[in-house]
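Structure, as structure tokens:
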Amino acid sequence: MTNAAMQGTYLGEGSGPRAWLLTTDHKRVAWLYLISLTGFFFLGGAMAVLMRIELATPAGDLVSDDGYNRLFSLHGIIMVWFFLVPSIPATLGNFLLPLMIGARDLAFPRLNLASWYVFIFGSLFALFSVVAGGVDTGWTFYTPLSTLYANGWVSTAAFGVFIVGFSTIMTGINFIVTVHTLRAPGLTWFRLPIFVWTLYATSLVMVLATPVLAASLILIVLERVFGIGIFNPDLGGAPLLFQHLFWFYSHPAVYIMILPGMGVVSEVLPCFSRRPLFGYKAVAISSMAIAVFGFLVWGHHMFVSGQSAYAGVVFSFLSFCVAIPSAIKVFNWSLTLRKGEISFETPMLYALFFLALFTFGGLAGLFLAALAVDVHLHDTYFVIAHFHYIMVGGMVTAYMAGLHFWWPKMTGRMYSETAGRIAATVTFVGFNLTFFPQYMLGFNGMPRRYHTYPPEFQFWHVLSSAGAVVLAVGYLMPLFYLGLSLFRGARAPDNPWHATGLEWQTSSPPPPHNFKTMPVVTRPAYAYDMKGLEHERFSPYREEAAE
Amino acid sequence: MSGTESVAFDTPQREQRADTLAMWVFIGSEAMLFGGIFLVFLIAHIDSGTAFAAASKHLSLPLGTFNTAVLITSSFTMALAHTLALQRRWRATVWALAATSLLGICFLVVKGIEYSREISEGLAPVLGLQFRYAGPDPKHAEFFFGLYFAMTSLHALHLIGGIIVIAGMIALWRTANPDNRLHRVEAIGLYWHFVDVVWVFMFPVLYLINR
């Protein structure tokens, strides 16, 4: 990629392994993350494909029951801890946060690089446990399955997740401090792009929830290695305690996973409908509200675990409350489209698909938050379908929207628009074909985590497996046309989508320290409706030398 | 960009604000870590309070009290280091930092003595050691000692981290300019006081609450 055209950009600053592996430039660290996370995404995806092939027939003919347990455990561990949690923050967030707020870099560039090395170190432990024989506890490491009865590499897998937690906390601290201290002159809190708001909310959750996960994983490792029986009733401990600690982190963690996706969509929808984001303040505040409510609803994972019925009622009520800020966002996004000049470029297609899939998954969440219904649906495919609609249909679709939206900025190249639109549509069709049947399966009583099933479920399982193949094609396509664009793509202009964000005011790709002259912000975000500014129609910023 | 460690900042003053904020955020994160563990202890205490009360009498109150005094004194010398750094009296600052880390090491030595006493008395249910306990309800007493070792060793690890950072700061002292020195002292000072405060909660919860 390095050639004359890249001179003066961050990509022209040397191309050897040293220049990449010892970089402290946030834009290059973002690439390190992007490449490693793509590896994990396809590793976890391959496991999902194996599971879907196994489930095409009622009998267990491809893998053994124990092998199947290991497949879904590793699929979950890799996808949740090594892809979804870091996905948008560590790649797009890392690349864009300083650009969007007019800073030269993150507040702590070396800490940022260190976080990637910690991530890789932790992921080695997890990969070791994959190669050495796997884990069969599910991604949740429930005790006593992970302590008394485990027959896999639980300690190394849990330790890997524990290490990756440090990388998450480092990123969180870096983002929070950056947003507080490095905003450009004139960039007040309520002029920040929503993507920055959601990264900020995500970082708060990362910093305050991850340590509780760390505590519970330390206690598991202490129990397995040192024999301290905190979750072992034989030694006076309580297994249910683990579920409380685990979900105290892991429920907020689902908001770590979805909030940045909401931020991406809030950037893309206004740009391709040429309208300011409807209800900017409501969207910003509801991001923070989701982060706060997220800490108060962990008990809804334990409705049938024997917690008190009164606790169940409270957690159910609070879970319904989370739907309010989420619905505020969905309505505001929809109203942004109203009377807009909508065009359907690839990022916009992904963003619209996000809107549909997130709404669909979110509504299913209300079923599960209702106590009586949850007793019927708990641990069935209904739950699988619900969180895949949010995590894959929502988060991964938003990730793809963001990747296509900012790809010209990151690489200085345009990709094939036709291929992009086809891939987005194939993904949408494949996704619904894979996961909608799982709602039906779960509603009819098919439990999760079984590799054999009664023949009457086969119709829906076959549909779902067929959908998985289509979905895999949808996810593999960008690998090729985005990869090709690096070498063959047309040069990207600085602002190909005529978007308003500060990141579009610098060159594509940006220079090493982001801006040649430091920007000063004079207008709110998403000023797509400013009149009388024809010569700078989509450029609500002026550049001035920093004082 | 002169005088800043990160390219992102224009002035050392803004960088120092950022460093201090980062340390506060990190302390918030650490508070959640210890908070989780304290919560586990609290729930266990509600379930088996009498067994815990009996078991906690087997801890050494004199050594625990001595260690508390040592750690609070180390917080005093750390506060002194910060005051001296604000006055730019660098030599005295280094001495105060060295005293702080020595007091930290003293705490760890006494903790080690306590651990070895408990191990020799058979009160350590870790690493497959035989747990010998004469009092009532040995099962829950074992749980108490498990928690005791988990909590105090986690605290000791944080203290060791602090001592290593102070040692590193003293080693790099000559290469740092005055602004860097000041904000490093401020950041490690915040961390040190936090680790101290954790002990101030841990001591009564483990040693005193049932006496």
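The values are calculated or read from the model by the stated rules, or taken from the named source; none is laboratory data. Predicted, not measured: the structure shown is a model, and the values here were computed from it. Glycine also receives a Cβ, built like all others from the backbone with ideal geometry; neighbour counts cover every protein chain displayed.
Brief remarks follow.
- Top-ranked residue in the stretch B:90-139 [being touching a residue at least 40 places away in the same chain (Cβ under 8 Å) and of a type in the set (A, V, I, L, M); ranked as farthest from B:Arg184 (Cα to Cα)]: B:Leu123
- Boolean, B:Ala187 is away from chain A (no Cβ under 14 Å), within 17 Å of the chain's Cα centre (by Cα) and under 17 Å from B:Thr100 (Cα atoms): no
- Among the candidates A:Phe344, A:Phe331, A:Phe353, residue that is within 23 Å of the chain's Cα centre (by Cα) and closer than 25 Å to A:Leu471 by Cβ: A:Phe353
- All helices (runs of 4 or more DSSP H) inside the stretch A:318-427 with 1 or more residues being more than 27 Å from A:Leu92 (Cα to Cα) and touching a Phe, Trp or Tyr at 6+ places or on another chain (Cβ under 7 Å): A:346-369, A:371-377, A:381-388
- Number of positions in the stretch B:158-196 that are modelled with pLDDT of 90 or more and either touching a Pro at 6+ places or on another chain (Cβ under 6 Å) or under 26 Å from B:His58 (Cβ atoms) (or both): 5
- Per this entry, A:Gly306 is not counted among residues that are of a type outside the set (A, V, I, L, M, F, W, C), crowded, with 16+ Cβ neighbours inside 10 Å, more than 21 Å from the chain's Cα centre (by Cα) and not in a helix (DSSP H, G or I).
- For the stretch A:160-187, filtering for residues that are touching a strand residue (DSSP E or B) at 6+ places or on another chain (Cβ under 8 Å) and more than 14 Å from every other protein chain (Cβ to nearest Cβ) leaves 2.
- Residues of the stretch B:134-171 that are within 12 Å of another protein chain (Cβ to nearest Cβ) and either of a type in the set (D, E, K, R) or assigned to a loop (DSSP other than H, G, I, E, B) (or both): B:Asp137, B:Lys139, B:Glu142.
- Scope the stretch A:214-232; condition facing another protein chain (nearest Cβ under 8 Å) and more than 23 Å from B:Glu30 (Cβ to Cβ); matching residues: A:Gly227, A:Gly229
- Unmet criterion (only one of (1) surrounded by 18 or more Cβ atoms within 10 Å (Cβ to Cβ); (2) free of Cβ contacts under 8 Å to residues at least 60 places away in the same chain; (3) of a type in the set (D, E, K, R); (4) more than 30 Å from A:Leu192 (Cβ to Cβ)) for A:Glu54: (2)
- Close pairs (9 angstrom Cβ cut-off, 6 or more residues apart or separate chains): more than 7 Å from chain A (Cβ to nearest Cβ) in the stretch B:25-48, modelled with pLDDT under 90 and not in a helix (DSSP H, G or I) anywhere: B:Ala44/A:Ile230; B:Ala44/A:Gly236; B:Ala44/A:Gly237; B:Ala44/A:Ala238; B:His45/B:Ile209; B:Asp47/A:Gly236; B:Asp47/A:Ala238
- Check on A:Ala150, more than 14 Å from every other protein chain (Cβ to nearest Cβ), in contact with an Asp or Glu (Cβ under 8 Å, 6 or more places away or on another chain) and at pLDDT below 90: yes
- Failed item, numbered, when B:Pro125 is tested on (1) surrounded by 14 or more Cβ atoms within 10 Å (Cβ to Cβ); (2) part of a helix (DSSP H, G or I); (3) under 24 Å from the mean Cα position of the chain (by Cα): (2)
- Qualifying residues in the stretch B:90-133 (those that are of a type in the set (D, E, K, R) and farther than 24 Å from B:Asp47 by Cβ) - the one farthest from the other protein chains (Cβ to nearest Cβ): B:Arg91
- Among the residues making up the stretch A:380-428, those that are of a type in the set (A, V, I, L, M, F, W, C) and closer than 29 Å to A:Gly12 by Cα are A:Met400, A:Ala401, A:Leu403, A:Phe405, A:Trp406, A:Trp407, A:Met410, A:Met414, A:Ala419.
- Considering the conditions (1) of a type in the set (A, V, I, L, M); (2) in a loop (DSSP other than H, G, I, E, B); (3) within 12 Å of another protein chain (Cβ to nearest Cβ), A:Leu240 is excluded by exactly one of them, (2).
- Filter result for A:Val207 (closer than 30 Å to A:Gly279 by Cα, at the interface with another protein chain (Cβ under 10 Å from one of its Cβ atoms) and assigned to a helix (DSSP H, G or I)): yes
- Residues located in the stretch A:119-139, provided they are assigned to a helix (DSSP H, G or I), modelled with pLDDT under 90 and crowded, with 17+ Cβ neighbours inside 10 Å: A:Ala126, A:Leu127, A:Ser129, A:Val130
- With respect to the conditions (1) within 7 Å of chain B (Cβ to nearest Cβ); (2) small (Gly, Ala, Ser); (3) within 31 Å of the chain's Cα centre (by Cα), A:Ser250 lacks only one, and its number is (1).
- Taken over the stretch A:105-118, the criterion of being surrounded by fewer than 23 Cβ atoms within 10 Å (Cβ to Cβ) and either at pLDDT below 95 or within 11 Å of another protein chain (Cβ to nearest Cβ) (or both) is satisfied by A:Pro109, A:Arg110, A:Leu111.
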